[in-house]
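Here the structure comes first, spelled out in structure tokens, and everything after it is commentary.
The values are calculated or read from the model by the stated rules, or taken from the named source; none is laboratory data. This structure is a prediction, so every number in the text was calculated from the model and none was measured. Cβ atoms come from the backbone with ideal geometry, glycine included; neighbour counts cover every protein chain shown.
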Amino acid sequence: MLSPTFSHLSSWPARYVAWSRRNIFVTMCATGFSLIVLAALLAPFLGLPDPAKIDFSVKLLRPSSMHWFGTDALGRDIFSGVVHGARISLLVALGVVFMAAAIGIPIGLISGYAGGWIDTFFMRISDIFLAFPPLLLPITLSALLGPGLFNATCAVAISWFPWYARIIRSSVLTVKSELYVQSARAIGTNPFSIAMRHVLPNSLSPVVVQASLDFGFAILTTASLSFIGMGAVPPTVEWGLMVASSRSVFLEYWWTAMFPGLAIFLTVFFANVVVDGVRDSLDPKLRGQP
Amino acid sequence: MLGYLLRRLAMMCLIILGVATFTFVLSRALPSSPVEMMLGSKPTADQISQAREELGLDQPVAEQLGRYFFQLAQGRFGTSMRTGRPVIEEIGQRLSATAELVTLSLFLAVGLGLPLGILSAAYRNRWVDHLTRMLAVSGVAVPVFFLGILLQMTFYGGLGWLPLQGRIDSIVMLDHPVQTFSGFLLIDSLLSGNTAAFKNALIHLTLPTLTLMLASLATILRSTRNLMTDVLGTDYIRTARAYGATRRTTYFVLALKPTLVPLLTIIGLTYGFMLGGSVITEVLFDWPGIGAYVVESVVTNDFPAVLGVTLVISTLYLSINLAVDMLYFVLDPRISV
Amino acid sequence: MTQGLAIDNLALEFAHGRGRAAAVNGCNLLVRPREILGLVGESGSGKSLTALACLGLTPSSCRVSGSVRVNGDEIVGACEATLTNLRGRRIAMIFQNPMTALNPYFTIGNQMLGVIRQHFSLDRSQATQEAAAALKQAGLTETALNRYPHQMSGGQLQRAMIAMAIACKPEILIADEPTTALDVTVQARILGLLRSLADQGMGILLITHDLGVVAQVADRVAVMYSGSIVESGDLNQVFSATAHPYSLGLMQASPVMGMGRRKLQAISGVVPDFRSRPAGCAFRDRCTQAQEVCALGATPYTEISADHQVRCHFPIGKSQGAELT
């Protein structure tokens, strides 16, 4: 997997360390991302104040030792909000990606395998989905499903599943024409087991690539939906929503918008860098290059 | 090529029909009935059923769909339930506001992104390249609304140089009204020598344009760099250098054309993305564009407006994609006309 | 000032995990005007890298030492301005795969004009005339000027490239496997073209792995193995009195027409990767007559005759040479 220049090192932990040294930036971002994940996992156990608790007596306080990131217009602790928000955002992003894949993979499988008018039908449906520029469909679907983060997640997942369906479908088409699949069919192996044993393993890789790229976008999209009021609703604590609720005060009280916004940015940034870094190191064309 | 174009156009019409159907069915499933909204608070049951009959909402869905297509074919997009004005009129107005914003953003994104991307590919792994790659990754990771807020904080809140929201100050519009030629305030005010309006429109355009531009800039930077790097590694560029081509000629002539052909596709697609992506920017800056219109219509369940605007945006988006694909025929000599 | 292409002690080093290694190690070649020097070797011997070094086009990760002089002008270490002046004008190169070697987005004429006007200050019509003349010399008509590469066959493209190479009338031409990607019939014609160019005064370095090609057109030959020249000299002498075990192995492994049926003998083993080359003579692991001294230090050059050198401790005697057809 790793560049041949490391082949002289014995074990894979040693190789990983050597790779990390060469790719310091990616490693730093991976560390950053891990911290965010850690925060998300440990949020309820850190003894933080309730992020949704409204208390007007402490509203709009500057960042201090009492409130590391200050408080917002309703007196909610922003640091706690950011940490709990990590939990929400990461879960939501995972949810979006998994759902989109879960819907798209079976459809792609059926479409590619069955061929004929079923395939054409699904392809035209996906064309319709792809005729919408990025945010338009999630907004419309979100309005249809109603407010709430779960509905927003579904809305985005439904908007994105055609990508996954297409990826799987093209893998199916490639594998279908492979000789070993034809011989399997010739001896009467049922299509389901062919799908499971031959098609899925081959097509999983591009799906994983797409999913990892989509992860960051999922965070951005759901936060954007929350920002315009179509995603998370109070008392849910979500980064986009936090920025939205700061809109009336952010000019004088910068911390109300800065910290949740930065949180989104850093999370997506780290995630993208890590994904790119892993992809580059697995790319045989780039091996041995600085 | 003509055959290909015709086939694609036919396909596009089919897809648009599909979009219309899809959106229509969706809109009928919207939770709160638009009728109640239209009639105001606490309508009686009689009033509701009468209104439904008037709007044709009591008919089977298929029939409603048919009627809608019939109206569409006549160019009637219906009346907005929220404002009472013809949807098509509202869309027209809003569209030019968005178009001005998006076009300017794209100009900037390409004007900055293309040269930087070329430099980045030419001087790989030097500081220019690292800066560019950092910009590219950041640009895609920054949430649009956060960037907008940061810019507002800095240039309005902190420095006071630029306005917070809106397309033009109403005072300026009243004192120096702008004649409509193109719908673009910048062009229209220039054409009639209206410098006050021009300056005012320009300062209002600045922040939203910068906000919208960043993500596209990042994409163009990255794509240019990757495409140019690939081209610079080809045999034919090696041949050119072997015959004494200077660095400048190589980067800006010989390698540029092969890069531009796929790059123009990406730029076209970016333009399409921006049409939809302007939603957030328009909401944040109170920009009277089509993105904000979508949100307003969807939130108030104004389904003629939702239908109309979805159709228009999708058609535009598909047309841009088609136009960009057809560009290949013109630009790539290997594809025969 | 030595006329022609003079390569002295050229070494091309690359860094790798464990240090540096020389892909080309101490190469010495001389290509005189009016003659064709055939540089023979397998893939991985370093021939193409040597060719690139003659134009200053080695990758940036490659460290170049030694000297390459084109009619006295030094290439190694020269600045970019000098190099762009020399490339195409005094020394030109044609490449192995003509289908990918020309820019698909510009016409042949456009590319040729670019080269001509880079080196001479001519206006468009004058440059076009020069281009047309070069095309004619290469066996193509003027219509090629308006064609795109994808509209031409492999043989035509190779001629177009030769036309581009000779358009500025360089003194030295390097031909890197010019016929490998082409049919045999086309091959013969291209080689004939190269021969006529040499007869008109050009010095040509013809790089190939095919001994038959060398036998057809070359005046002198050099055999390269794993980064250094192991045998070189006049064609007849090298072919009739082959002195290096590797060269002999090559001859015996090549099918040559008219020699009747004989079993082709492959040389056992593989060419070593330059990063893990054994010390001493690089060929010793595959050599049937290697002795202990072959592993010690750099192998010296021996002069077999006036124009025939070999790099071997134990050069083969005359009686074992392959016959030239």
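The residue that is surrounded by the most Cβ atoms within 10 Å (Cβ to Cβ), among those in segment C:155-164 that are within 14 Å of chain B (Cβ to nearest Cβ) and among the small types (Gly, Ala, Ser), is C:Ala160. Looking across B:Thr23, B:Thr44, B:Thr98, one residue alone is over 26 Å from B:Val324 (Cα atoms) and either at pLDDT below 80 or within 14 Å of chain A (Cβ to nearest Cβ) (or both). It is B:Thr44. Considering segment A:226-268, and only residues there that are polar (S, T, N, Q) and not in a helix (DSSP H, G or I), the residue that is nearest to the other protein chains (Cβ to nearest Cβ) turns out to be A:Ser246. Being touching a helix residue (DSSP H, G or I) at 6+ places or on another chain (Cβ under 9 Å), within 14 Å of chain B (Cβ to nearest Cβ), β-branched (Val, Ile, Thr) and surrounded by 18 or more Cβ atoms within 10 Å (Cβ to Cβ) is not true of A:Ile125.
In segment B:299-309, the residue that is nearest to A:Phe129 (Cα to Cα) out of those that are at the interface with another protein chain (Cβ under 8 Å from one of its Cβ atoms) and touching a residue at least 60 places away in the same chain (Cβ under 8 Å) is B:Val306. Does segment B:141-151 contain at least one residue that is within 25 Å of the chain's Cα centre (by Cα), under 30 Å from B:Pro258 (Cβ atoms) and assigned to a helix (DSSP H, G or I)? Taking every residue of segment B:141-151 in turn, at least one turns out to be within 25 Å of the chain's Cα centre (by Cα), under 30 Å from B:Pro258 (Cβ atoms) and assigned to a helix (DSSP H, G or I). Give me a count of the residues in segment C:108-138 that are within 13 Å of chain B (Cβ to nearest Cβ), farther than 21 Å from C:Pro149 by Cβ and either assigned to a helix (DSSP H, G or I) or at pLDDT below 90 (or both). Final tally of qualifying residues: 1. Would you call A:Phe217 part of a helix (DSSP H, G or I), out of contact with any Cys (no Cβ under 6 Å at 6 or more places or on another chain), farther than 30 Å from A:Gly112 by Cα and more than 8 Å from every other protein chain (Cβ to nearest Cβ)? When the stated conditions are applied, A:Phe217 does not pass them.
Specify the residue that is farthest from the other protein chains (Cβ to nearest Cβ); the eligible residues are those in segment B:230-270 that are within 11 Å of the chain's Cα centre (by Cα) and surrounded by fewer than 22 Cβ atoms within 10 Å (Cβ to Cβ). Of everything passing the filter in segment B:230-270, B:Gly268 is farthest from the other protein chains (Cβ to nearest Cβ). Scanning segment A:131-149 for residues that are over 11 Å from B:Val299 (Cα atoms), crowded, with 18+ Cβ neighbours inside 10 Å and more than 7 Å from chain B (Cβ to nearest Cβ) turns up A:Leu137, A:Pro138, A:Leu141, A:Leu145, A:Leu149. Taking the criterion of being within 23 Å of A:Ala271 (Cβ to Cβ) and in contact with an Asp or Glu (Cβ under 8 Å, 6 or more places away or on another chain), the residues of segment A:72-90 that qualify are A:Ile78, A:Ser80, A:Gly81, A:Gly85, A:Ile88, A:Ser89. Do we have any residue at all in segment B:174-197 that's closer than 17 Å to B:Ile280 by Cβ, assigned to a helix (DSSP H, G or I) and touching a helix residue (DSSP H, G or I) at 6+ places or on another chain (Cβ under 8 Å)? The answer is no; no qualifying residue exists. Exactly one residue out of C:Thr100, C:Thr143 is free of Cβ contacts under 8 Å to residues at least 12 places away in the same chain, within 14 Å of chain B (Cβ to nearest Cβ) and β-branched (Val, Ile, Thr), and it is C:Thr100. Output the number of the condition that C:Val230 fails; it satisfies all remaining conditions of (1) in a loop (DSSP other than H, G, I, E, B); (2) crowded, with 20+ Cβ neighbours inside 10 Å. If we test C:Val230 against (1) in a loop (DSSP other than H, G, I, E, B); (2) crowded, with 20+ Cβ neighbours inside 10 Å, just (1) comes out false.
Rundown of residues vs (1) without any contact (Cβ under 8 Å) to a residue 60 or more places away in the chain; (2) more than 13 Å from chain A (Cβ to nearest Cβ); (3) among the hydroxyl-bearing types (Ser, Thr, Tyr), yes/no style:
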{"position": "B:Thr132", "(1), (2), (3)": "no, yes, yes"}
{"position": "B:Leu135", "(1), (2), (3)": "no, no, no"}
{"position": "B:Ser138", "(1), (2), (3)": "no, no, yes"}
{"position": "B:Phe145", "(1), (2), (3)": "no, no, no"}
{"position": "B:Phe155", "(1), (2), (3)": "yes, no, no"}
{"position": "B:Gly160", "(1), (2), (3)": "yes, no, no"}
{"position": "B:Pro163", "(1), (2), (3)": "yes, no, no"}
{"position": "B:Ser170", "(1), (2), (3)": "yes, yes, yes"}
{"position": "B:Asp175", "(1), (2), (3)": "yes, yes, no"}
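Testing C:Pro149 on (1) touching a residue at least 40 places away in the same chain (Cβ under 8 Å); (2) under 29 Å from C:Val68 (Cβ atoms), one condition comes back false. Which one is that? Unmet condition: (2). Among the residues making up segment B:310-337, those that are touching a residue at least 12 places away in the same chain (Cβ under 8 Å), β-branched (Val, Ile, Thr) and either farther than 17 Å from B:Ala73 by Cα or facing another protein chain (nearest Cβ under 9 Å) (or both) are B:Thr310, B:Ile313, B:Thr315, B:Ile320, B:Val324, B:Val337. When the test is whether a residue is away from chain B (no Cβ under 14 Å) and either within 30 Å of B:Asp332 (Cβ to Cβ) or surrounded by fewer than 20 Cβ atoms within 10 Å (Cβ to Cβ) (or both), C:Arg18 passes it.
Yes/no per residue for (1) more than 25 Å from the chain's Cα centre (by Cα); (2) of a type in the set (Gly, Ala, Ser); (3) modelled with pLDDT of 85 or more; (4) assigned to a helix (DSSP H, G or I):
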position: A:Ile105; (1), (2), (3), (4): no, no, yes, yes
position: A:Ser126; (1), (2), (3), (4): no, yes, yes, yes
position: A:Pro133; (1), (2), (3), (4): no, no, no, no
position: A:Ala143; (1), (2), (3), (4): no, yes, no, yes
position: A:Ala152; (1), (2), (3), (4): no, yes, yes, yes
position: A:Pro162; (1), (2), (3), (4): no, no, yes, yes
position: A:Ile168; (1), (2), (3), (4): no, no, yes, yes
position: A:Thr174; (1), (2), (3), (4): yes, no, no, yes
